[in-house]
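K.L.:
What follows is a structure written as structure tokens; I'll ask about it next.
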Ligand code: SF4
């Protein structure tokens with residue numbers, strides 16, 4: 001499929017940039033919700049190609065970054081229990097808890113394993129029937145179907161030594177929370193393409209109407225992002241606030257019905273605290289009553305957790321788009337990817353880590 | 001970790017009652033669960049995230065998007081202005 005390569009086509013990219021410039025008459029501030037898009041924007045310098053005054057505000061769509069500190073601390077406590085095999089996606093291992101991180105637990109002798117897919121964790125559970133195997137089930141709507149299917153399989157196959165530490169978060173309630181904030185400067189959203197591959201786009205028209213913001217479903221290749229920005233600017237200039245799908249090759253309006261049916265069965269909506277932001281009503285999923293026996297929080301009664309966030313870290317403001325990472329005094333000094341003070345410095349999708357990887361030298365020259 | 005990547009289905013087989021595929025990502029091959037794209041066939045491209053295909057890539061839409069990009073550029077060159 002030749003077209004996959006063509007989405008990196010620099011000639012077309014240049015044309016799209018020219019179109020954006022030609023369409024822009026005023027300053028606009030738009031938010032890309034997804035951390036994968038933030039990474040791509042900073043890595044390719046897309047924000048620096050935009051007309052003066054067109055600003056990309058980096059949103060809270062990095063699941064690693066917003067996983068609440070209390071859940072990280074619970075993960076650390078469970079992973080340290082004797083006999084437990086704690087499985088996780090790799091980027092959770094350096095996320096700082098109140099005291100240490102999962103790497104610390106591992107080097108102190110804990111059995112912490114990095115897996116590619118939650119199904120790998122289920123496999124480990126079947127191979128080790130005398131051990132408790134826990135998977136750290138975080139992520140947005142993109143990741144939830146994988147975790148849901150794994151729990152469904154555990155139940156179907158009768159794997160009783162497997163459980164899920166669940167901290168799923170949902171995009172639409174976060175968009176509402178951002179718009180409700182008094183400090184909000186966001187005038188439009190690039191919605192996260194792969195979230196919509198699963199969920200479709202039906203949740204967005206009410207948000208676009210209620211807050212008067214264009215919402216353009218956008219992919220991750222540089223061309224996709226430029227096209228999302230172009231369509232957003234055209235809408236803003238015309239005073240429109242519609243939902244558009246600029247990523248139809250991977251997003252159908254109705255989403256993925258099979259995945260949504262599984263999500264409906266395995267999860268139910270709950271209030272969720274977002275690290276750095278606070279509680280957002282109805283913004284998460286937890287296991288439904290049918291699957292509660294697989295809830296690691298119930299299986300391991302972890303109590304007495306006292307959370308303690310670094311006083312230097314301003315990741316909450318970064319995640320809400322109120323400051324850019326380098327405006328944090330600790331950026332690149334006390335806080336680096338090797339020694340992160342906040343979760344936004346850990347994941348490749350965290351804004352602080354993206355700025356550190358691709359902008360650090362420019363920023364030093366500027367100051 | 002929210003990124004999903006496109007890959008080509010090489011072969012499909014069932015495991016534990018679930019359709020699984022070998023998927024090629026530009027040379028790297030991985031096992032991918034096809035539960036959510038039950039109609040996908042070998043040779044098709046799927047968007048894969050943490051070992052699960054979440055959507056079949058629509059070749060026709062991709063072509064159309066690229067054709068639109070091309071057209072915008074051509075219009076601009078021919079008429080010396082940008083369609084809004
Ligand atoms: S640079 Fe580090 S300390 Fe500052 S906001 Fe980002 S993660 Fe927190």
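K.L.:
Give the number of residues within segment A:242-280 that are assigned to a loop (DSSP other than H, G, I, E, B), surrounded by fewer than 22 Cβ atoms within 10 Å (Cβ to Cβ) and free of Cβ contacts under 8 Å to residues at least 40 places away in the same chain.
P.N.:
Number of matching residues: 2.
K.L.:
Being outside any loop (DSSP other than H, G, I, E, B) and near the ligand (Cβ under 9 Å from one of its atoms) is the filter here, so list the residues in segment A:320-344 that pass it.
P.N.:
A:325, A:326, A:327, A:331, A:335, A:336, A:343, A:344
K.L.:
Out of the residues in segment A:1-31 that are more than 11 Å from chain B (Cβ to nearest Cβ) and free of Cβ contacts under 8 Å to residues at least 60 places away in the same chain, state the one that is surrounded by the fewest Cβ atoms within 10 Å (Cβ to Cβ).
P.N.:
A:10
K.L.:
Does segment A:292-309 contain any residue that is outside any loop (DSSP other than H, G, I, E, B), touching a residue at least 40 places away in the same chain (Cβ under 8 Å) and within 13 Å of the ligand (Cβ to nearest atom)?
P.N.:
Looking through segment A:292-309, none of the residues is outside any loop (DSSP other than H, G, I, E, B), touching a residue at least 40 places away in the same chain (Cβ under 8 Å) and within 13 Å of the ligand (Cβ to nearest atom).
The rows are residues; the columns are (1) surrounded by 15 or more Cβ atoms within 10 Å (Cβ to Cβ); (2) under 22 Å from residue A:342 (Cα atoms); (3) touching a strand residue (DSSP E or B) at 6+ places or on another chain (Cβ under 9 Å).
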{"position": "A:116", "(1), (2), (3)": "no, no, yes"}
{"position": "A:129", "(1), (2), (3)": "no, no, no"}
{"position": "A:134", "(1), (2), (3)": "yes, no, yes"}
{"position": "A:144", "(1), (2), (3)": "yes, no, yes"}
{"position": "A:149", "(1), (2), (3)": "yes, no, yes"}
{"position": "A:158", "(1), (2), (3)": "no, no, no"}
{"position": "A:168", "(1), (2), (3)": "yes, yes, yes"}
{"position": "A:180", "(1), (2), (3)": "no, no, no"}
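K.L.:
Scan segment A:84-100 residue by residue and report those that are modelled with pLDDT under 95 and more than 14 Å from chain B (Cβ to nearest Cβ).
P.N.:
A:96, A:97, A:98, A:99, A:100
K.L.:
For segment A:38-146, please list each of the helices (runs of 4 or more DSSP H) lying entirely inside it that holds at least 2 residues being more than 29 Å from residue B:48 (Cβ to Cβ) and within 20 Å of the chain's Cα centre (by Cα).
P.N.:
Per the criteria, A:69-79.
K.L.:
Out of segment A:32-57, which residues are crowded, with 21+ Cβ neighbours inside 10 Å and over 17 Å from residue A:231 (Cα atoms)?
P.N.:
Residues satisfying the conditions are A:34, A:35, A:36, A:38, A:39, A:40, A:42.
K.L.:
Need a quick list: helices (runs of 4 or more DSSP H) entirely within segment A:153-215 having at least 2 residues that are closer than 20 Å to residue A:349 by Cβ and more than 13 Å from chain B (Cβ to nearest Cβ).
P.N.:
Of the helices (runs of 4 or more DSSP H) lying wholly inside segment A:153-215, those with at least 2 residues that are closer than 20 Å to residue A:349 by Cβ and more than 13 Å from chain B (Cβ to nearest Cβ) span A:171-180.
K.L.:
Can you tell me how many residues in segment B:2-28 are surrounded by fewer than 12 Cβ atoms within 10 Å (Cβ to Cβ) and within 28 Å of residue A:39 (Cβ to Cβ)?
P.N.:
3
K.L.:
Output the number of the condition that residue B:41 fails; it satisfies all remaining conditions of (1) assigned to a loop (DSSP other than H, G, I, E, B); (2) away from chain A (no Cβ under 11 Å); (3) within 20 Å of residue A:121 (Cα to Cα).
P.N.:
For residue B:41, the failing item is (3).
K.L.:
Return the residue satisfying two criteria in turn: it lies in segment B:23-33 and is more than 10 Å from chain A (Cβ to nearest Cβ) and touching a residue at least 12 places away in the same chain (Cβ under 8 Å), and of such residues it is nearest to residue A:149 (Cα to Cα).
P.N.:
Per the stated criteria, the residue is B:23.
K.L.:
While we're looking at this one, here's another question. Identify, please: which residue in segment A:345-359 is closer than 17 Å to residue A:101 by Cβ and more than 9 Å from the ligand (Cβ to nearest atom) and is, among those, surrounded by the most Cβ atoms within 10 Å (Cβ to Cβ)?
P.N.:
Looking at residues that are closer than 17 Å to residue A:101 by Cβ and more than 9 Å from the ligand (Cβ to nearest atom), I get A:347.
Matching residues to (1) at pLDDT 95 or above; (2) more than 9 Å from the ligand (Cβ to nearest atom):
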{"residue": "A:257", "(1), (2)": "yes, yes"}
{"residue": "A:264", "(1), (2)": "yes, yes"}
{"residue": "A:268", "(1), (2)": "yes, yes"}
{"residue": "A:273", "(1), (2)": "no, yes"}
{"residue": "A:290", "(1), (2)": "yes, yes"}
{"residue": "A:318", "(1), (2)": "no, no"}
{"residue": "A:361", "(1), (2)": "no, yes"}
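The values are calculated or read from the model by the stated rules, or taken from the named source; none is laboratory data. Given the structure is predicted, the values throughout are model-derived calculations rather than measurements. A quick note on method: Cβ atoms are made from the backbone with ideal geometry, for glycine too, and the neighbour counts reach across all protein chains shown.
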